[in-house]
1. Calculate the spin-label point distance for B:D263 paired with A:W244, positioning each point 7 Å from the Cα along the beta-carbon direction, and give it in nanometres.
2. Given the options B:G237, B:G269, B:G43, which has the most mean-square fluctuation in a GNM of chain B, springs set between C-alpha atoms less than 10 angstrom apart?
3. Which residues' amide hydrogens lie under 5 Å from the amide hydrogen of B:Q98, considering only partners 5 or more residues apart or on another chain, with H built in the peptide plane?
4. Looking only at other chains, what is the average number of their beta-carbon atoms within 10 angstrom of each beta-carbon in C:143-156?
5. Cut-off is 10 Å between beta-carbons; in what order do B:C315, B:C303, B:C284 appear when sorted fewest neighbours first?
6. Between B:D15 and C:K107, what is the FRET efficiency for a Förster distance of 51 Å, r being their Cβ-Cβ separation, to the nearest 0.05?
7. Residues in region C:258-274 near a label at C:R330, defined as backbone nitrogen under 16 Å from the 7 Å Cα→Cβ point?
8. Please work out whether region B:218-260 counts as rounded, prolate or oblate from its C-alpha gyration tensor, where a ≥ b ≥ c are the square roots of the eigenvalues and a/c under 1.5 means rounded, while otherwise a/b larger than b/c means prolate and anything else oblate?
Amino acid sequence: MKSFLKYSNLQLKIGLILLIIIFTIGFIFPLFRGSHADEWNSYPKYLKPGIEHIFGTNALGQDIFWLLAKSIRSSLIIGLIVAFFATIIGVFLGMLAGLQGGYVDRIISLVMDTFIVVPSLPILILIASLLKGQTSVLAMAAVLILFSWSWPARQVRSMALSLRERDFIDTACFSGESKLKILIKEFLPFILSWSAANFINTILSAIRMESTLAVIGMSNNSLATLGTMIYWALQYQAMLQGKWLWIGVPVIATIVIFGALFMTLSGAQKYNATKRGQLA
Amino acid sequence: MLKLSNVSARYNVFDYYVNVINNVSFTVNENEIFGIAGESGCGKSTLLKVMYDFIEYPFEITSGSVELESAGANGEINKYKNGEIRNRRWREISYVPQGAMHVLNPVTKIGAQFYDTVSRHNKSVNKKELNDRIVAYLKELELPPEVMKSYPHQLSGGMKQRVMIALATFQNPALMLADEPTTALDVVVQRGILGMLSRVQKRINNSIVIVSHDLGVHYQITDRMGIMYAGEMVEIGPTDELFTNPRHPYTKMLINALPRIGDISQKEGISGTPPSLRSPPPGCRFASRCMYASELCKKLPPCKYYISGTHQASCHLLKGLYPKLQPEEAIPRD
Amino acid sequence: MKFLTYFLSRTLTFILIIFIGVTLVFFLPRLMPTDPVEIMLNNIQANSSTMDADSVAQMREVLTQNFGLGGNLWDQYTAFMRRAVLTQDFGPSLSMYPTLVTELIGKALPWTMGLMLTSTIIAWVIGNIIGLLAGFRKNKLLSKILESASIVLYPLPYYVFALTLIMLFAYIIPIFPLATNVMGMPWSWEYIKNLLYNSFLPALSLILIDTGWWVLSMKTISSDITEEDYIIFAKLKGLSKNKIMWNYLAPNAMLPQVTALALRIGTVFSGAMIVEILFSYPGIGMLIYNSVLQSDYNMIVGTITISILAVSITTYVIDLAYPLLDPRIRLR
């Protein structure tokens with residue numbers, strides 16, 4: 001703990017504090033409360049904020065605060081699932097492309113570049129429109145994973161390419177170790193440590209994609225995420241009616257979550273660098 | 001005309017110090033080539049930085065002074081101390097850094113990089129004329145004028161090194177510092193570079209300080225030499241004398257390790273490694289690897305002894321044989 | 001020679017990328033478990049009054065024709081590719097019959113390109129300059145403040161800013177309009193003023209977030225390069241700080257940023273899309289959105305294909321600019 005305080009920086013501290021707050025709201029608080037608080041028409045509509053309902057209620061009869069908690073939870077869980085699978089696929093394909101080279105590399109690279117160059121939102125909208133009304137969470141996640149694996153794959157591929165040239169790999173090769181062993185013992189540590197850092201980035205990108213789709217109504221509207229919360233607020237003209245809490249709360253929550261995750265990420269990177277003796 | 005007196009310097013790392021230079025004193029005279037030799041990590045490149053007044057945090061000088069003396073245009077003598085020397089860069093003192101491969105901007109033409117350095121000192125000359133002068137000078141140093149329009153990656157290592165030397169000597173500085181000018185070049189190119197340096201020196205009669213771990217380089221062109229070990233100057237003297245009559249055990253071992261034509265004896269390396277400069281030993285820094293080391297050597301640092309007019313060495317073994325250079329005193333180490 | 005090889009290989013790559021992208025657009029509707037014709041029929045019936053059985057059958061015929069679903073898969077594919085890439089004939093828009101899809105796209109595309117290119121260029125230039133300064137003078141307070149600001153801005157989704165700006169400057173302090181409504185004849189002074197007035201908030205939403213990204217990435221690059229030997233030597237040469245920054249640091253730091261710009265065009269386009277939808281800005285993003293809401297199949301396919309083409313070509317052009325700036329690739 002002492003060494004943590006010694007090497008940590010402001011970014012990391014603020015990021016972690018915010019993350020803890022978010023986690024508490026999203027996961028701990030609901031344990032003390034039934035999960036029906038976000039069902040439609042649970043409460044009278046358009047109640048002003050008070051002790052019973054911290055942020056008031058909205059046009060659908062939901063308590064905004066508990067709706068927020070549920071949305072945070074759903075958004076984070078979707079983000080985690082998508083990031084998890086996308087990272088695994090991305091790392092695997094990236095390593096395959098970088099280490100194998102030749103045709104395998106060219107084909108994987110081509111597909112990778114296609115997913116990076118081609119704008120994702122139009123295609124996502126196309127898919128969403130074709131699945132109209134039938135978007136289960138699983139289908140949503142599968143589609144998001146499809147568009148999230150290409151960035152990690154690209155990075156891992158270039159890492160694999162540069163690692164392949166390095167001397168200690170040649171040494172391992174010459175000493176007769178099997179290719180698989182080389183892969184596990186030498187490459188994996190590098191790539192895993194990078195993936196851990198990049199994981200947060202992938203979570204952010206997944207949440208970004210999902211919420212962007214949701215805001216324009218292309219996601220599953222009955223699922224409570226930060227994006228759908230904003231969607232319903234827009235549908236009911238929250239801004240026009242001056243219901244600032246309804247539309248403002250999820251927007252601010254989004255900003256806080258993204259900020260917290262990213263600050264933690266970059267703070268952690270700085271922490272590592274300081275610990276290794278590379279002064280800022 | 002460059003005098004270092006009792007210079008000590010250290011690096012300030014996070015929470016400790018590395019004492020890279022300890023109580024170094026010597027003089028570089030006019031019209032001579034002075035060599036600094038030693039193994040990797042002994043502090044020779046750092047010493048050049050001190051001489052060039054390139055002192056930036058976390059590097060700091062803890063004691064001593066550097067004085068540069070040069071003859072001005074009207075014959076007057078100008079003296080500069082450390083702190084002022086940096087203003088005289090490229091005028092009275094210039095620097096050829098280690099690794100010419102990496103010190104050139106990869107995306108700009110050589111000509112432009114040459115021009116922006118020398119234009120500051122030739123404000124009265126117009127652009128075209130200055131460029132012509134540069135091309136003419138390059139030709140003297142056997143570099144074709146196409147070099148001006150080339151990018152660094154289009155030149156070979158040897159050519160890049162020549163460009164750096166051209167840059168350093170264009171203003172005819174009284175003192176030129178060269179850090180490992182021939183390392184990473186093959187022997188044929190090496191000979192060419194050394195020849196170039198020697199010709200330049202003879203032409204403008206300036207002084208050159210050459211840092212190299214390769215004793216062969218020193219033997220070829222230096223007039224006087226200093227041997228460095230673990231941040232200290234252990235022996236200084238005329239090159240010939242150092243090679244024929246080395247007095248410090250370290251110098252002896254270095255010279256002995258050099259192969260010569262016709263010499264069929266077994267060559268011995270020097271076992272062991274230099275001491276940590278974070279917490280250097282109290283006595284002579286070479287004691288742990290020295291075959292003549294005694295208990296006194298390990299406890300007390302040696303003082304300097306005159307071997308001859310220009311030849312000095314620091315070793316306890318010389319006590320009584322030669323006159324002392326300065327009173328014996330324990331040098332404080334932190 | 002090296003440049004020629006580079007040029008050819010990049011061209012081939014991009015042709016293949018466009019090819020794969022458009023193929024995707026072709027196959028996706030056919031991979032769905034649902035029949036697009038049925039969905040279209042249901043939507044049409046839902047939007048307008050119910051039709052009798054005969055009309056439905058007729059409608060189905062027409063739609064199947066228009067969707068190009070007649071014939072076997074290979075025929076459909078070749079017909080589609082020919083239409084999409086060569087002739088760019090997507091047929092008439094179903095919701096704005098009989099206006100041709102290409103005509104509608106032609107009107108909308110300049111809005112999107114204008115918005116996107118302007119915001120991207122402004123963000124890239126400003127972001128890189130700030131990043132360059134911040135990386136070069138690492139320890140100054142201003143640099144740290146800018147870095148922290150960028151860290152907060154950069155990861156955010158584009159809609160967050162769009163909504164915040166709308167809330168702040170269209171509702172609470174109503175300076176800017178809610179929906180885009182540009183008046184006046186094209187290119188009259190009144191038109192230009194109106195255009196800028198309406199485009200300000202949408203552009204700002206894009207610029208703020210993009211600038212954050214460029215500042216952050218440029219700062220990393222430039223602070224790394226500052227440690228390089230040739231920068232240190234440039235300082236030893238006695239060059240002024242400004243000269244070092246603009247003549248030595250900037251040309252080198254810019255190179256990876258040009259590549260990064262090329263890779264980011266797809267993301268910026270998606271961002272421009274969402275901003276258009278939220279501001280009702282009459283660009284191609286708005287077209288895609290509306291066509292999806294109205295199940296206008298021809299338009300959906302047309303707009304998405306053109307988007308893929310536009311983005312790929314822009315990326316390609318920027319990508320080709322790289323060797324012009326890096327002499328190590330341009331010359332042997």
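1. It is 8.7 nm.
2. Maximum fluctuation in the GNM of chain B, among the listed residues, is at B:G269.
3. Counting only residues 5 or more places away or on other chains, the set is B:D179.
4. Working: counts 0, 2, 0, 0, 2, 5, 0, 0, 8, 6, 4, 5, 16, 8.
Across the residues of C:143-156, the mean count of other-chain Cβ atoms within 10 Å is 4.
5. On the way: B:C315 24, B:C303 17, B:C284 27.
Listing B:C315, B:C303, B:C284 from fewest to most nearby Cβ atoms yields B:C303, B:C315, B:C284.
6. Numbers: r = 67 Å, r/R0 = 1.31.
FRET efficiency, B:D15 to C:K107: 0.15.
7. Taking a point 7 Å out along Cα→Cβ of C:R330, the residues of region C:258-274 whose backbone N falls under 16 Å are C:258-259.
8. On the way: a/c = 1.62, a/b = 1.16, b/c = 1.40.
Here region B:218-260 falls in the oblate category.
Here, each number is a calculation from the coordinates, and none is a lab measurement. The shown structure was predicted, so the numbers you read here are calculated from the model rather than taken from an experiment. Quick reminder, even Gly has a Cβ in these numbers, built from the backbone with ideal geometry, and neighbours come from all protein chains shown.
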